[in-house]
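Read through the structure below, which is laid out as structure tokens, and then see the notes.
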Amino acid sequence: MNDILPPDSARWEWLEGKVRTLMERYAYRNIRTPIVEPTPLFVRGLGEVTDIVEKEMYSFEDRLNGEQLTLRPEATAGVVRAVAEHSMLYDGGKRLYYMGPMFRHERPQRGRYRQFHQIGAEALGFPGAELDAELILLANALWKELGLHNVRLELNSLGQPDERKAHRAALIDYLERHVDALDEEARRRLHTNPLRILDTKNPAMQSIVEAAPRLIDFLGEASLSHFNVVKAILDANGVSWQVNPRLVRGMDYYNLTVFEFVTDQLGSQGTICGGGRYDYLIEQIGGKAAPAVGWALGVERVLELLKEQGSAIPPISPDVYAVIPDVTTLPVAIATLERLRAHGVSAQMHGAPASGEGMGSMKSQFKKADASGARHALIFGADELARGMVLCKSLRDGSGSQTEHRLDNVSKWASALQISR
């Protein structure tokens, strides 16, 4: 778990701002759920034999009432719980998104932490393939907004429970005939969650996995039609994709469409965003049956990829920095800054140094003004104030040009100081 400090936190704010703007364009509304949920919610929702439930959850007993609680390892189960608990679908489907920390006890690696952050989008109450496609288009639009490239989309369909049941039987039969080639983890999952064996990263098992029965070959007409509509909408929007018949995702709740956005620039763990349809999860956790589809992206991994690709993230800096030669000018200076802020100008005031020697030298103040990234320095000198003026000096265009502005007419010149954001 790690701290996120300035100036690095500005990169997070920039990403979150891009997400909020895009979600509004697609008519997705924000939902915020608790970080702590009852442990059974995740056991029922994610599956008892998933890696998350078996190895990675931070679970504990509330010593005040004995309740079993868990720090959320992902957000979908909590969102679904909230939708069911508050009967949010009574008047139709809902498009929701979230941002926040998740917790998993896994081996830290590049872009992965035990407290990590996800941004996700969920569409609940909509059965059609057009929502699967919409969510994929939403994620694809985000990559464009962020300037990310070399991200590929992988698709698969997990069909419906009866189709998976037939495939499961064929898969177990096949794997039992090759049990000597399976690693310990695969053998343990053979009769509990054999589909997850197809997602193994063990190089020694790749030939076995490649030759295993493919779930897509067991899909009926309705499942194939659903999948084909998704692909047709993506094609119509110029979104490239490839079918990965081994893509199963890590949670048990998925059906029909599953997808991942993958990069080769972050090592072996290249998934930056993944999701799919989960039509049975709401009923599974005790709500009224309703279809749903969604995705989540890893914030740390997206930011790491942006850094890897050299994407320029605009720094957050003030429009103006107030240089204050003498403490006697503080009341006027601060009153002026407050009026500027009311007009949308970002203003940073110089603070007195710890030495207690007034406001510090002009030289030191200009050094701090330059370091702040501000485009202008506002100099509240005694001579200018006596004439009802403030001196504005350019810090970024190389000219060092200076102009004077009237203190009693801030609204007239405030907009000229603002950085285009």
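The values are calculated or read from the model by the stated rules, or taken from the named source; none is laboratory data. None of the values given here were measured: they were computed from a predicted structure. Because the Cβ atoms are built from the backbone with ideal geometry, glycine has one as well, and the counts that use them run over all protein chains shown. All accessible areas refer to the heavy atoms of the entire protein, side chains included, with ligands and DNA or RNA removed. Shrake-Rupley method; radii C 1.70, N 1.55, O 1.52, S 1.80 Å.
Observations on the structure shown:
- Compared with the direct C-alpha span, the chain from ALA181 to GLN206 gains 8.0 nm at full extension, assuming 0.36 nm per residue.
- Remark: for residue pairs LYS144/LYS307; LYS94/LYS144; LYS231/LYS288; LYS231/LYS307; LYS165/LYS288; LYS18/LYS363, the C-alpha separation exceeds 27 Å in LYS231/LYS288; LYS231/LYS307; LYS18/LYS363.
- A Cα-only calculation for the chain places Rg and Dmax at 27.7, 93 Å.
- Take the Cα of GLU67, go 7 Å toward its beta carbon, and the backbone nitrogen atoms of the stretch 273-311 under 20 Å from that spot belong to 285-287.
- Based on protein heavy atoms only, the stretch 283-421 ends up with 51 Å² per residue of surface accessible to a 1.4 Å probe.
- Relative to the Cα centre, the charge distribution of the stretch 287-391, modelled as +1 at Lys and Arg Cβ and -1 at Asp and Glu Cβ, gives a dipole magnitude of about 280 debye.
- Evaluating kT/(6 pi eta Rh) at 37 °C and 0.692 mPa s, with the Kirkwood radius of the stretch 101-183 over Cα pairs in the Stokes-Einstein relation, gives 190 µm² s⁻¹.
- Candidate lysines - alpha carbon under 26 Å from LYS412, same-chain residues fewer than 8 apart omitted: LYS393
- The residues PHE261, PHE116, sorted by heavy-atom accessible surface at 1.4 Å with ligands and nucleic acids left out, run PHE116, PHE261 from largest to smallest.
- The 1.4 Å probe gives accessible areas that order ASP199, ASP162, ASP180, largest first, as ASP180, ASP162, ASP199.
- Selected from SER317, LEU391, VAL410, residue furthest toward positive end of dipole (the stretch 314-421; charges at beta carbon): SER317
- Cα lying deepest toward the dipole's positive end in the stretch 209-304, options GLN284, PRO245, LEU303, charges on Cβ: GLN284
- Plainly put, the stretch 114-266 has a radius of gyration that is 0.99 times its Kirkwood radius, both from alpha-carbon atoms, as the Rg/Rh ratio.
- Which of TYR90, LEU64, LEU137, positive extreme of dipole for the chain (C-beta unit charges): LEU137
- Descending semi-axes in whole angstrom, ellipsoid equivalent of the stretch 196-258, from the Cα gyration tensor: 24, 14, 12
- Solvent accessible area, Å² - ARG301, 1.4 Å probe, full protein context: 10
- Portion, in percent, of the accessible area of the chain that falls on carbon or sulfur, probe 1.4 Å: 51
- Highest mobility in the GNM of the chain, judged by mean-square fluctuation with C-alpha springs under 10 Å and restricted to VAL248, VAL79, VAL179, is found for VAL179.
- Cα centre as origin, Lys/Arg/Asp/Glu Cβ charges: the chain dipole, Debye: 880
- Label separation (SER240 vs GLU338): 5.7 nm, computed from points 7 Å beyond Cα along the C-beta direction.
- For the stretch 354-420, the percent of C-alpha pairs falling in each 10 Å distance bin, counted from 0 to the bin holding the largest distance, reads 18, 47, 30, 5.
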